[in-house]
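Inspection log for the structure reproduced underneath, given as structure tokens.
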Amino acid sequence: MVAYRTSMQIVADLLTVTQESGRDGIKTTSLLTKANISHSRLSKFMDNLTGAGLVNRIEYDGRNTFVITPKGRQYLESYVKFSSIAESFGLDL
């Protein structure tokens with residue numbers, strides 16, 4: 001049986017990859033590869049993340065670069081803590 005990621009897990013993966021890229025941010029192609037997500041799904045998720053203020057989109061020469069915001073770091077930290085607690089009780093998120 002294949003275990004699919006929930007939307008929350010995908011958001012956490014996207015934020016983690018974006019945070020690991022550092023201050024220079026991450027380009028769309030690298031984000032697609034590292035987060036293992038299709039371009040159409042990535043576009044929807046990144047629109048939601050930028051709209052929520054968790055990620056900044058920087059457009060330069062028609063190419064997008066994404067940088068995590070302090071709010072995004074805080075969200076990711078809270079998600080990791082909550083996920084850990086849920087897992088200790090045998091719950092899946």
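The values are calculated or read from the model by the stated rules, or taken from the named source; none is laboratory data. It should be emphasised that the depicted structure is a prediction, and the values quoted were computed from it without experimental measurement. Neighbour counts are summed over all protein chains in view; Cβ atoms, including those assigned to glycine, are modelled from backbone coordinates with ideal geometry. Accessible surface areas use protein heavy atoms only, side chains included; no ligands, DNA or RNA. Shrake-Rupley method; radii C 1.70, N 1.55, O 1.52, S 1.80 Å.
Worth pointing out:
- Filtered by the rule that a residue be among the charged types (D, E, K, R), open to solvent by 100 Å² or more (accessible area, probe 1.4 Å) and either under 14 Å from Leu14 (Cα atoms) or assigned to a strand (DSSP E or B) (or both), the stretch 39-64 gives Arg41, Lys44, Glu59, Arg63.
- Ser78 vs. criteria open to solvent by less than 70 Å² (accessible area, probe 1.4 Å), hydroxyl-bearing (Ser, Thr, Tyr) and in contact (Cβ under 8 Å) with a residue 60 or more places away in the chain: no
- Selection status of Thr69, crowded, with 16+ Cβ neighbours inside 10 Å and out of contact with any helix residue (DSSP H, G or I) (no Cβ under 8 Å at 6 or more places or on another chain): yes
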